[in-house]
Amino acid sequence: MTRFLHITDLHVSAPETDDPGRQTDTVASLDRLLDIATRLDPRPDFIVASGDLTNIGDRASYDLVAARFAALDIPVAMTLGNHDRRDGWHAAFPDHPAAPDGPVDHDMVQAGVHIIALDSSVPGKVAGALDAAQLERAQDMLARHPDLPKLIAVHHPPRIDPDEPLPWATLDADSTEKLAALLKGHNVLAILSGHIHLNRVALWNGIPLVVTMGQQSTVDLTRTDAMAVVEGTGFAICDLLPGGPRITFAPLETGRLIKEIPVERLRAFS
Ligand SMILES: [Fe+2]
């Protein structure tokens with residue numbers, strides 16, 4: 001069984017970074033997350049990080065993320081979000097296949113899965129888009145490894161519902177339509193996104209669209225007059241079972257232990 005983690009919206013600000021928008025201790029959250037990743041049984045074969053790796057796109061924060069990923073013996077596929085800055089990222093990841101500049105679009109094969117990362121960030125904007133060159137690159141990447149199932153990592157979820165009460169600045173309508181056309185006919189296991197800081201699964205043209213809360217904050221969904229940002233962190237454990245992917249959303253912080261039932265006893269229940 002192939003297992004991977006979906007992490008997103010790390011929003012890391014290095015301790016020395018002057019970041020007035022620092023809301024929570026995202027360095028501690030990242031460390032906790034990576035510690036969990038190494039202790040899971042079975043261990044993940046790879047990790048997909050779908051953007052907003054840093055909060056303000058500064059070099060020091062990317063260096064911190066790069067050092068943490070380099071120390072991990074689990075490969076990480078990553079792309080950027082609206083909080084990222086391409087210049088900062090490229091400076092910290094000079095040997096990455098997406099180097100030396102431009103959108104962080106790339107693909108890799110891990111554990112029999114073809115991962116395609118698309119950089120939907122648009123410098124200076126909150127909403128996302130994929131330009132013509134990126135869509136052409138995506139088409140080329142999709143044509144590679146035709147025998148392997150694919151995962152698409154893209155920070156901004158496709159715009160599947162323009163009438164949502166909270167107007168998320170997601171992938172723009174044109175990019176959404178073109179991405180849908182590109183993906184048609186390919187064996188895409190899931191699209192992995194972030195940006196809205198929620199755990200959410202939708203079926204989009206037959207493809208599971210998995211959005212994971214991420215490591216910074218979440219949103220109070222009882223409020224539709226404003227986006228009320230509240231504490232909350234989580235990640236997703238994704239297992240590729242013979243019948244299809246299983247996505248388990250896990251909180252980063254667990255609550256009080258209520259009781260323990262030994263595994264032998266659990267087995268006896270069935
Ligand atoms: Fe974010």
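Table for the structure above
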{"item": "Residue match in the range 234-257 (condition: crowded, with 17+ Cβ neighbours inside 10 Å, of a type outside the set (A, V, I, L, M, F, W, C) and touching a helix residue (DSSP H, G or I) at 6+ places or on another chain (Cβ under 7 Å))", "result": "no"}
{"item": "Close pairs from the range 81-105: first under 22 Å from residue 192 (Cα atoms), partner among the hydroxyl-bearing types (Ser, Thr, Tyr) and buried (at least 20 other Cβ atoms within 10 Å of the Cβ), Cβ under 7 Å, at least 6 apart", "result": "81/121; 82/121; 83/54; 84/54; 84/121; 89/62; 104/79"}
{"item": "Count - residues of the range 145-164 that are surrounded by fewer than 19 Cβ atoms within 10 Å (Cβ to Cβ) and touching a Phe, Trp or Tyr at 6+ places or on another chain (Cβ under 7 Å)", "result": "1"}
{"item": "Residue count for the range 200-230, restricted to those that are surrounded by 19 or more Cβ atoms within 10 Å (Cβ to Cβ), within 16 Å of the ligand (Cβ to nearest atom), at negative phi and in a strand (DSSP E or B)", "result": "3"}
{"item": "Yes/no for residue 119 being within 16 Å of the ligand (Cβ to nearest atom) and within 18 Å of the chain's Cα centre (by Cα)", "result": "yes"}
{"item": "Residue check, residue 99 away from the ligand (no atom under 16 Å from the Cβ), more than 26 Å from residue 142 (Cα to Cα) and open to solvent by 10 Å² or more (accessible area, probe 1.4 Å)", "result": "no"}
{"item": "Matching residues in the range 165-194 - criterion: being open to solvent by less than 60 Å² (accessible area, probe 1.4 Å), within 15 Å of residue 209 (Cα to Cα) and more than 16 Å from the ligand (Cβ to nearest atom)", "result": "176, 179, 180, 183, 188, 189, 190, 191"}
{"item": "Which numbered condition residue 57 fails, given (1) closer than 27 Å to residue 239 by Cβ; (2) assigned to a loop (DSSP other than H, G, I, E, B)", "result": "(1)"}
{"item": "Residues of the range 60-75 classified as among the aliphatic types (A, V, I, L, M), surrounded by 16 or more Cβ atoms within 10 Å (Cβ to Cβ) and assigned to a helix (DSSP H, G or I), total", "result": "4"}
{"item": "Out of 10, 33, sole residue that is touching a residue at least 40 places away in the same chain (Cβ under 8 Å), within 16 Å of the ligand (Cβ to nearest atom) and not in a loop (DSSP other than H, G, I, E, B)", "result": "33"}
{"item": "Unmet criterion (only one of (1) open to solvent by less than 30 Å² (accessible area, probe 1.4 Å); (2) touching a residue at least 24 places away in the same chain (Cβ under 8 Å); (3) away from the ligand (no atom under 16 Å from the Cβ); (4) outside any strand (DSSP E or B)) for residue 197", "result": "(3)"}
{"item": "Candidates 109, 76 - the one that is in contact with a helix residue (DSSP H, G or I) (Cβ under 6 Å, 6 or more places away or on another chain), of a type in the set (Val, Ile, Thr) and more than 16 Å from the ligand (Cβ to nearest atom)", "result": "76"}
{"item": "Condition met for residue 83 (modelled with pLDDT of 95 or more and in a loop (DSSP other than H, G, I, E, B))", "result": "yes"}
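The values are calculated or read from the model by the stated rules, or taken from the named source; none is laboratory data. Computed from a prediction, not measured in an experiment: that's the story for all the values here. When we count neighbours, we look across all protein chains shown, and the Cβ atoms used for this are built from the backbone with ideal geometry, even at glycine. Just the protein is used for accessible areas: all its heavy atoms, side chains included, with ligands, DNA and RNA removed. Shrake-Rupley method; radii C 1.70, N 1.55, O 1.52, S 1.80 Å.
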